[in-house]
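For reference, the structure is listed below as structure tokens.
The values are calculated or read from the model by the stated rules, or taken from the named source; none is laboratory data. The shown structure was predicted, so the numbers you read here are calculated from the model rather than taken from an experiment. We place every Cβ from the backbone using ideal geometry, glycine too, and count neighbours over all the protein chains shown.
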Amino acid sequence: MDEKPSVPEYRKSGSTAELYSEIMIRSPLRCIWEILVDFRNYPEWNPFIREISGRIEEGARITADLKPPGGTGTKIHPVILKVVPEREFRWMGHLFVRGLFDGEHVFEIWPMGGDLCLFVQHEYFSGLFLPILENMLKNGTARGFDEMNRALNARAEQPGST
């Protein structure tokens, strides 16, 4: 199934912003979840989050290497805030210290009936550096979300992935 992802949407309200994207994936929820939390295999398929190491459990600190298209890579060390197996996980990261540039990244899988699921990836941003980094978010980061969504879709829908 060649579902097109939504164009990532950037929304700003006062001193906070959100980058939102979604894609329909024709694959069992369990399969999508297993790909999403199998950090060891991210380098094989994920063009945006090139690597993640750490445990997928609430309170754990992980390390993620992000490489937005056309941008330079960056390593972040967020803390996992929430894990709901087969439905959601989210983390919170900060640039240097809380309040400069904070991001709460959310991955959600919504069953739509049968083997059709909606995968949602969004991030809430805030902090003093938000105005300075807006162009990066609207361009490279938004494209990174889109590329990751497409890659997750392709991997989940390939024969033998379930």
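Return a yes/no flag: does the range 103-110 have any residue that is among the aromatic types (Phe, Trp, Tyr) and free of Cβ contacts under 8 Å to residues at least 40 places away in the same chain. Yes; the residues of the range 103-110 include at least one that is among the aromatic types (Phe, Trp, Tyr) and free of Cβ contacts under 8 Å to residues at least 40 places away in the same chain. For the range 125-140, the criterion of a residue being touching a strand residue (DSSP E or B) at 6+ places or on another chain (Cβ under 6 Å) and either free of Cβ contacts under 8 Å to residues at least 24 places away in the same chain or in a strand (DSSP E or B) (or both) is satisfied by at least one position. Every listed requirement among (1) under 17 Å from the mean Cα position of the chain (by Cα); (2) farther than 20 Å from HIS94 by Cα; (3) modelled with pLDDT under 95; (4) surrounded by fewer than 18 Cβ atoms within 10 Å (Cβ to Cβ) is met by PRO5 save one, (4). Only residues that are in contact with a Lys or Arg (Cβ under 8 Å, 6 or more places away or on another chain) and more than 23 Å from LEU100 (Cα to Cα) were counted in the range 7-23, giving 2. When LEU118 is tested against the conditions (1) part of a strand (DSSP E or B); (2) farther than 21 Å from ARG143 by Cα; (3) aliphatic (A, V, I, L, M), the lone failure is (2).
Yes/no per residue for (1) surrounded by fewer than 18 Cβ atoms within 10 Å (Cβ to Cβ); (2) closer than 23 Å to TYR10 by Cα:
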position	(1), (2)
GLU86	yes, no
TRP91	no, yes
ARG98	yes, yes
TRP110	yes, yes
PHE125	no, yes
GLU157	no, no
GLY160	yes, no
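When ILE32 is tested against (1) outside any strand (DSSP E or B); (2) over 29 Å from LEU116 (Cα atoms); (3) touching a residue at least 12 places away in the same chain (Cβ under 8 Å), just one condition goes unmet, and that condition is (2).
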